[in-house]
Each structure stands twice: as structure tokens, then as C-alpha cells.
1. If you take the charge dipole of segment 28-117 about its Cα centre, with +1 on Lys and Arg Cβ and -1 on Asp and Glu Cβ, which of Ala104, Asn42, Trp70 is farthest toward its positive end?
2. Based on the Cβ-Cβ distance from Val102 to Ala80, what FRET efficiency comes out when R0 is 30 Å, to the nearest 0.05?
3. Work out how much length Gln57 to Asp94 would gain on full extension: take 0.36 nm times their residue separation and subtract the Cα-Cα distance, in nm to one decimal.
4. Can you compute the modelled spin-label distance between Gln36 and Ala50, with each label point 7 Å from Cα toward Cβ, in nm?
5. Using the Karplus curve 6.51 cos²θ - 1.76 cosθ + 1.60 with θ = phi - 60°, what ³J(HN,Hα) values do you get for each residue of segment 53-63, in whole Hz, with x for Gly and Pro?
6. Quick one: what are the phi-derived ³J(HN,Hα) couplings along segment 94-105, Karplus 6.51/-1.76/1.60 with θ = phi - 60°, whole Hz, x for glycine and proline?
7. When only alpha-carbon atoms are used, what values of Rg and Dmax, in angstrom, describe segment 43-107?
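Every number here is computed from the coordinates shown, using simple stated rules; none is lab data. Small disclaimer: the values here were computed from a predicted structure and weren't measured. Note that each Cβ is placed from the backbone with ideal geometry, even for glycine, and that neighbours are counted across all protein chains shown.
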Amino acid sequence: MKKSALAIAALVLAGTTAHADQTPPPAEPVAESPQQARAALNQSEADAAAQQLSQDQANQQHHDAAMTHWENKVDAYHDAARDHRAETAQYHDDMAQWHADVAACKAGDTSRCAPKP
């Protein structure tokens with residue numbers, strides 16, 4: 001009788017401590033049907049594609065802005081070069097006229113001499 005009482009007490013204690021230490025098992029994931037799994041995968045792929053398209057659009061806008069900036073710089077350079085060529089040509093024309101006026105003045109044409117201060 002003592003053996004059975006001790007065995008019962010041991011089982012009760014073991015069951016109490018085992019029950020107190022145990023956490024409930026995690027919930028089983030809900031099994032999806034093949035259609036639900038396919039729909040979830042399709043939605044995931046559609047979201048990824050939309051994100052990629054959005055990134056592609058942002059990249060294209062950045063590229064277009066950079067190209068516009070570059071083209072504006074090239075146009076400004078060409079405008080400055082054209083202006084410099086025109087100014088240089090005008091300078092050479094003015095210098096040629098001045099040399100001709102000095103030569104004419106020294107030759108006796110006083111109308112082409114610089115005015116006296």
C-alpha cells in the first residue's frame with residue numbers, strides 16, 4: 001500500500017510540475033489551399049513588379065535630369081565658345097583698323113590720327 005501511495009504521489013507531483021513548466025504548443029499554421037497559395041504568390045510577385053517599376057521610373061527620371069543638366073552645360077560651353085570667337089574676331093578687326101589708322105596718320109592723313117587731348 002505504501003508503494004502505491006508513493007507512486008501516486010510521485011505521479012501527482014510529476015504531473016503538477018510538468019504541467020506548470022510546459023508552455024502551450026505553438027499554433028499550427030493554417031493550411032492554405034493551392035489556390036490561396038497561388039494567389040498569395042501572385043500578389044507577392046505583383047508587389048515586387050510594382051516596386052521594380054517604381055524604382056525604374058525613379059531611375060529614369062534621375063537619368064533624364066542628369067542628361068538635361070549635361071546638355072545645358074554643353075550648350076553653355078558652345079555659346080561661350082561662339083561668343084569668344086566673335087569677340088576675338090572683333091578684336092582682330094579693331095586692331096587691324098587701328099594699325100591702318102596709325103599707318104595713315106604717319107603717312108600724313110591727319111583725319112585718321114587720334115584726337116589730341
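1. It is Ala104, whose Cα lies furthest towards the positive end.
2. Computed FRET efficiency for Val102 and Ala80 comes out at 0.40.
3. 7.8 nm
4. Roughly 2.2 nm, to one decimal.
5. 4, 4, 5, 4, 5, 5, 4, 5, 5, 5, 4
6. Each residue's phi maps through the Karplus curve to give 5, 5, 4, 5, 5, 4, 5, 5, 5, 5, 5, 4 Hz.
7. That works out to 27.9, 95 Å for Rg and Dmax.
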